[in-house]
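S.K.: Next up is a structure, given as structure tokens.
The values are calculated or read from the model by the stated rules, or taken from the named source; none is laboratory data. Being a predicted model, the structure only gives us computed values, none of them experimental. Reconstructed Cβ throughout: ideal geometry from the backbone, glycine too, with neighbour counts over all protein chains shown.
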Amino acid sequence: MKQIIQDLRHGNTILEEVPAPLVQKGQLLIKTHRSLISLGTEKMLVEFGKSSLIVKARSQPEKVKQVLSKIKTEGLLPTLEAVFKKLEEPLPLGYCNAGEVVAIGEGVTGFSIGDRVASNGPHAEFVSVPQNLVVLIPENVTYEEATFTVIGSIGLQGLRLANPTFGETVVIIGLGLIGLITAELLVSSGCTVIGFDFDEEKIRLANQRGICAFSSQTNDAVSITKSLTKGIGADAVIITASTPSNDVISQAANMSRKKGRIVLVGVIGLNINRADFFKKELSFQVSCSYGPGRYDDLYEQFGIDYPIGYVRWTEKRNFEAILNALSRKQLNISDLITNRIPLEDYKKVYNNLKESGIASILEYSASQDLPKRIIAVSRGNIKQDKGVVGIIGAGNFTKMVVAPNLKKIGANLKYIASAGGLTAKSLAKKYGFEFTTTDYRLILDDTNVDSVFITTRHNQHGKMVLEALKAKKHVFVEKPLAISDTELDAIYQFYSSDKADRILHVGYNRRFSPHAMKAKKLIGNTAEINIVATMNAGYVPPEVWVHDIKIGGGRIIGEACHFIDLMIYLTGSKVESVCMSALGTAPADNSDNAIITLKFENGAQGVINYFANGSKDYPKERIEIYAQQKTLVIDNFRRLNRYGFRGWTSVRTGLDKGHVNQIKLFIDSVKNGNPPLIPFDEIYNSTKAAFAAIESLRKNKLVKL
């Protein structure tokens with residue numbers, strides 16, 4: 001299928017051929033008939049992509065601070081590499097989609113195949129959208145009209161926050177598409193509306209809608225508002241403009257009455273003068289997109305609705321309200337459409353967004369074929385031998401680590417899969433994969449593929465590992481192996497009983513770092529060893545998926561497992577018992593501020609300090625090894641210091657956590673028939689130890705494995 005994307009690094013807007021998405025659980029697969037180009041939002045993204053690196057940096061000063069901090073702890077070259085790879089991520093454009101339902105995911109209710117629907121799907125021939133972001137289109141509303149649903153709800157949410165009452169005067173600053181729709185809704189609500197903009201055509205359209213509209217360029221907006229309100233000022237001001245200037249917020253304050261309300265829907269400079277707000281006791285609020293539920297994964301991704309008695313207007317109910325207004329002809333959008341163009345002619349708009357009017361409609365072919373879930377990228381590159389690779393997952397770990405290192409060692413790259421298709425296509429083009437797909441089972445069914453890398457979210461690891469093993473593939477799964485005992489036991493039973501000669505490897509890369517390997521050589525096989533490992537993991541907001549026990553497994557299972565494996569490697573022994581305590585009032589089954597104490601079968605001891613409340617300026621990882629009156633310190637996998645040894649005192653490298661070495665050794669093992677890099681009993685033991693740490697926290701006691 002075709003999809004419009006923005007290349008943020010080079011500034012190109014591209015109509016990309018990508019595999020169509022599979023319908024996901026809780027989602028609907030929609031065949032697009034029309035989509036609306038949001039000239040305001042999309043213009044900002046396109047202009048950002050076309051700007052220089054310096055301009056990009058100036059527009060995001062908070063990102064610059066993060067980059068500088070990363071340089072301090074990880075070095076210049078790794079940081080620059082991460083920045084450029086971030087800019088290379090394809091950005092899907094569009095969020096105003098109308099089409100028909102062609103597939104329904106598990107758990108979705110209230111929809112049928114063939115239903116006409118509006119959603120926040122991007123500019124693509126097929127989109128998979130969560131059910132709470134999809135609404136049915138009334139019979140008397142066309143697909144073209146329905147494309148205004150989402151953008152209309154943005155204005156409606158700003159209106160709801162302003163809370164206008166009949167007879168009040170509301171000022172709209174910025175009469176673009178959202179501003180004009182907001183103004184018309186306000187007029188329908190019985191309000192007097194005053195509007196300001198620089199564009200004469202927008203002013204003309206506003207006046208036709210019963211709005212007192214004026215040019216901001218030739219008029220004093222504050223004086224006009226005071227005059228039209230008999231010196232009182234506006235009851236509310238809704239800002240739908242887009243400008244970096246701080247003048248707009250000051251202007252809004254000065255035109256407001258005492259105790260007036262100001263709502264920001266657009267994007268403006270926010271250097272607020274306290275005096276402007278203080279003397280009038282003004283309220284100021286920023287509107288969050290479509291309404292309550294936006295950016296809440298429980299609502300959007302998992303379909304958990306807010307009770308209507310407590311949250312009357314969610315984003316989905318705002319969508320429905322806009323469609324109802326269109327159905328009852330309370331909202332007129334026909335004269336806002338500047339042009340209608342076929343999807344293939346997208347450049348007619350994107351090459352000149354400044355002159356493209358107010359709203360442009362993309363038209364999609366009604367005779368689109370059934371969606372293809374696999375497309376060829378670079379045929380003929382695969383050699384018919386061992387080590388033919390398919391990757392399932394195209395997220396950050398694949399982008400930053402797996403794909404570039406597989407390319408570096410000359411692996412045979414046949415497939416890369418992602419749920420949406422876009423990120424996988426981007427990586428396939430860059431690293432030379434033969435195919436990209438949205439259906440990972442196609443990789444498992446291909447007998448030419450003997451090695452599968454699994455880099456999806458953690459809740460999919462156990463299931464996919466088992467499927468790949470049953471398909472007779474060598475498996476490299478990015479940690480953890482599984483997030484539940486049920487998954488782990490199923491893998492254990494199959495892998496232990498299966499006689500096929502294949503490798504199951506978990507991406508515990510730290511043991512393959514030159515620093516860890518050198519430390520192991522220096523220590524030898526002594527049992528009298530104490531290890532203290534500290535991970536300055538950094539703060540991750542609680543709503544991020546890694547904290548979710550059902551999806552990420554929590555940060556201990558999902559990340560601290562690295563250090564459990566490293567200690568198994570350094571001590572030469574499996575974990576015998578685990579005790580974990582957490583900081584403060586952590587949840588009974590989760591924490592990312594914890595101390596884990598490990599006892600090993602050979603008598604060695606280990607302590608893992610996993611902390612999320614430290615400074616980003618401090619190095620992320622430090623391992624201290626005490627044995628035979630000697631000490632080794634691995635400092636952030638950039639330096640290995642030794643104390644009590646003769647001669648040599650340190651080893652220095654760039655940041656090297658062992659990723660390249662691990663991937664190379666895995667592919668070599670597959671090609672040469674070598675044994676697994678990590679014995680399965682150690683992989684099983686480290687996973688059980690991570691589970692035991694959570695059990696210890698839950699039960700407040702030592703847990704023996």
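S.K.: Counting only residues that are in contact with a helix residue (DSSP H, G or I) (Cβ under 9 Å, 6 or more places away or on another chain) and outside any strand (DSSP E or B), which one in region 1-20 is surrounded by the fewest Cβ atoms within 10 Å (Cβ to Cβ)?
M.R.: H10
S.K.: Consider V248 against the criteria (1) within 19 Å of V286 (Cα to Cα); (2) aliphatic (A, V, I, L, M); (3) assigned to a strand (DSSP E or B): it satisfies all of them except one. Which criterion is unmet?
M.R.: For V248, the exception is condition (3).
S.K.: Report whether or not S418 is among the small types (G, A, S), free of Cβ contacts under 8 Å to residues at least 40 places away in the same chain, within 16 Å of G390 (Cβ to Cβ) and buried (at least 24 other Cβ atoms within 10 Å of the Cβ).
M.R.: Against the criterion (among the small types (G, A, S), free of Cβ contacts under 8 Å to residues at least 40 places away in the same chain, within 16 Å of G390 (Cβ to Cβ) and buried (at least 24 other Cβ atoms within 10 Å of the Cβ)), S418 qualifies.
S.K.: While we're looking at this one, here's another question. So is K354 out of contact with any helix residue (DSSP H, G or I) (no Cβ under 9 Å at 6 or more places or on another chain) and in the same structural domain as I137 (by TED's automatic domain parsing) or not?
M.R.: no
S.K.: Does region 295-302 contain at least one residue that is in contact with a strand residue (DSSP E or B) (Cβ under 6 Å, 6 or more places away or on another chain), within 30 Å of H547 (Cα to Cα) and surrounded by 14 or more Cβ atoms within 10 Å (Cβ to Cβ)?
M.R.: yes
S.K.: Would you mind stating whether T534 is more than 22 Å from K688 (Cβ to Cβ), of a type in the set (S, T, Y), in the same structural domain as L697 (by TED's automatic domain parsing) and at pLDDT below 95?
M.R.: no
S.K.: Could you check V449 against (1) touching a Gly at 6+ places or on another chain (Cβ under 6 Å); (2) under 26 Å from P122 (Cα atoms) and say which number it fails?
M.R.: So V449 meets the others, but not (2).
S.K.: May I ask you to list the residues in region 613-634 that are part of a strand (DSSP E or B), modelled with pLDDT under 95 and within 28 Å of V540 (Cα to Cα)?
M.R.: none
S.K.: Based on this model, can you work out whether A428 counts as under 19 Å from V465 (Cα atoms), small (G, A, S), buried (at least 22 other Cβ atoms within 10 Å of the Cβ) and not assigned by TED's automatic domain parsing to the domain that holds I663? Talk me through it step by step, then tell me what you get.
M.R.: Values: under 19 Å from V465 (Cα atoms): no; small (G, A, S): yes; buried (at least 22 other Cβ atoms within 10 Å of the Cβ): yes; not assigned by TED's automatic domain parsing to the domain that holds I663: yes.
No; evaluated as a whole, the condition is false for this residue.
S.K.: A follow-up question, please. Only one of these conditions is not met by D445: (1) over 9 Å from G390 (Cβ atoms); (2) surrounded by 22 or more Cβ atoms within 10 Å (Cβ to Cβ); (3) at pLDDT 95 or above. Which number is it?
M.R.: Answer for D445: the failing condition is (2).
S.K.: OK, next. Is it the case that S112 is polar (S, T, N, Q), farther than 30 Å from H10 by Cβ and either assigned by TED's automatic domain parsing to the domain that holds N12 or under 20 Å from the mean Cα position of the chain (by Cα) (or both)? Give the derivation first.
M.R.: On the way: polar (S, T, N, Q): yes; farther than 30 Å from H10 by Cβ: yes; either assigned by TED's automatic domain parsing to the domain that holds N12 or under 20 Å from the mean Cα position of the chain (by Cα) (or both): yes.
Considered against the rule, which asks whether it is polar (S, T, N, Q), farther than 30 Å from H10 by Cβ and either assigned by TED's automatic domain parsing to the domain that holds N12 or under 20 Å from the mean Cα position of the chain (by Cα) (or both), S112 comes out as yes.
S.K.: Tell me, please, whether a residue that is in contact with a Cys (Cβ under 8 Å, 6 or more places away or on another chain) and not aliphatic (A, V, I, L, M) can be found in region 587-606.
M.R.: Yes; the residues of region 587-606 include at least one that is in contact with a Cys (Cβ under 8 Å, 6 or more places away or on another chain) and not aliphatic (A, V, I, L, M).
S.K.: Something else about it: Output the residues belonging to region 355-377 that are of a type in the set (D, E, K, R) and either in contact with an Asp or Glu (Cβ under 9 Å, 6 or more places away or on another chain) or surrounded by 13 or more Cβ atoms within 10 Å (Cβ to Cβ) (or both).
M.R.: Our first condition is that a residue be of a type in the set (D, E, K, R); within region 355-377, this holds for 355, 363, 369, 372-373.
E363, K372, R373 - these are the residues of region 355-377 that are of a type in the set (D, E, K, R) and either in contact with an Asp or Glu (Cβ under 9 Å, 6 or more places away or on another chain) or surrounded by 13 or more Cβ atoms within 10 Å (Cβ to Cβ) (or both).
S.K.: Given (1) surrounded by 13 or more Cβ atoms within 10 Å (Cβ to Cβ); (2) touching a residue at least 24 places away in the same chain (Cβ under 8 Å), where does G673 come up short, assuming only one miss?
M.R.: The failed condition is (1).
Yes/no matrix, rows are residues, columns are (1) surrounded by fewer than 17 Cβ atoms within 10 Å (Cβ to Cβ); (2) without any contact (Cβ under 8 Å) to a residue 60 or more places away in the chain; (3) assigned to a strand (DSSP E or B):
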{"residue": "V102", "(1), (2), (3)": "no, no, yes"}
{"residue": "V108", "(1), (2), (3)": "no, no, no"}
{"residue": "A118", "(1), (2), (3)": "no, no, yes"}
{"residue": "S128", "(1), (2), (3)": "no, no, yes"}
{"residue": "N132", "(1), (2), (3)": "no, no, no"}
{"residue": "N140", "(1), (2), (3)": "yes, no, no"}
{"residue": "E144", "(1), (2), (3)": "no, no, no"}
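S.K.: Applying the selection to region 575-612, what residues are crowded, with 20+ Cβ neighbours inside 10 Å, modelled with pLDDT of 95 or more and part of a loop (DSSP other than H, G, I, E, B)?
M.R.: A604
S.K.: Now, a different point. Within region 185-240, count every residue that is over 17 Å from Q251 (Cα atoms) and not in a helix (DSSP H, G or I). Working first, answer last.
M.R.: Applying the first criterion (over 17 Å from Q251 (Cα atoms)) to region 185-240 yields 185-192, 199-212, 230.
Still in the running and not in a helix (DSSP H, G or I): 189-192, 199, 209-212, 230.
Adding up the residues that qualify gives 10.
S.K.: Which of the residues belonging to region 87-102 are under 24 Å from the mean Cα position of the chain (by Cα) and at pLDDT 95 or above? Walk me through how you get there before you give the answer.
M.R.: Going through region 87-102, the residues under 24 Å from the mean Cα position of the chain (by Cα) turn out to be 87-98.
Of everything in region 87-102, those that are under 24 Å from the mean Cα position of the chain (by Cα) and at pLDDT 95 or above turn out to be C96, N97, A98.
S.K.: Can I ask one more? Only one of these is closer than 30 Å to R638 by Cα and either of a type outside the set (F, W, Y) or within 29 Å of the chain's Cα centre (by Cα) (or both): V506, V465. Name it.
M.R.: When all the criteria are applied, what remains is V506.
S.K.: So which residues in region 226-243 are closer than 20 Å to K202 by Cβ and either without any contact (Cβ under 8 Å) to a residue 40 or more places away in the chain or surrounded by 22 or more Cβ atoms within 10 Å (Cβ to Cβ) (or both)?
M.R.: A234, V237, I238, I239, T240, A241, T243
S.K.: Something else now. Would you please list the contacts, defined by Cβ atoms under 6 Å and residues six or more apart or on different chains, that run from a residue in region 322-342 that is closer than 15 Å to L136 by Cβ to a residue that is part of a helix (DSSP H, G or I) and of a type in the set (G, A, S)?
M.R.: I322/G152; I322/S153
S.K.: Given the conditions (1) more than 21 Å from the chain's Cα centre (by Cα); (2) surrounded by fewer than 24 Cβ atoms within 10 Å (Cβ to Cβ); (3) outside any helix (DSSP H, G or I), and given that E543 satisfies all but one, which numbered condition is not satisfied?
M.R.: Going through (1) more than 21 Å from the chain's Cα centre (by Cα); (2) surrounded by fewer than 24 Cβ atoms within 10 Å (Cβ to Cβ); (3) outside any helix (DSSP H, G or I) one by one, E543 breaks only (1).
S.K.: Please tell me if V401 is within 15 Å of I663 (Cβ to Cβ) and either touching an Asp or Glu at 6+ places or on another chain (Cβ under 6 Å) or crowded, with 22+ Cβ neighbours inside 10 Å (or both).
M.R.: no
S.K.: Scan region 273-298 for residues that are touching an Asp or Glu at 6+ places or on another chain (Cβ under 7 Å) and outside any loop (DSSP other than H, G, I, E, B) and report the count. Quick ask: steps written out before the conclusion?
M.R.: Here is the first cut: in region 273-298, the ones touching an Asp or Glu at 6+ places or on another chain (Cβ under 7 Å) are 290-294, 297.
Remaining after also requiring outside any loop (DSSP other than H, G, I, E, B): 297.
Selection size over region 273-298: 1.
S.K.: Keeping to region 285-300, report how many residues are within 15 Å of E320 (Cβ to Cβ) and not hydroxyl-bearing (S, T, Y).
M.R.: 3
S.K.: Kindly indicate the residue of region 466-478 that is surrounded by fewer than 24 Cβ atoms within 10 Å (Cβ to Cβ) and basic (K, R) and also farthest from A689 (Cα to Cα) among those meeting that condition.
M.R.: Going through the qualifying residues, I end up with K472.
S.K.: Which of the following residues is of a type in the set (G, A, S) and in contact with a His (Cβ under 6 Å, 6 or more places away or on another chain): G558, G606, G584, G572?
M.R.: Going through G558, G606, G584, G572 in turn, just one is of a type in the set (G, A, S) and in contact with a His (Cβ under 6 Å, 6 or more places away or on another chain): G558.
S.K.: Is region 655-669 home to any residue that is free of Cβ contacts under 8 Å to residues at least 12 places away in the same chain, surrounded by fewer than 18 Cβ atoms within 10 Å (Cβ to Cβ) and either part of a helix (DSSP H, G or I) or not assigned by TED's automatic domain parsing to the domain that holds L570 (or both)?
M.R.: The answer is yes; a qualifying residue exists.
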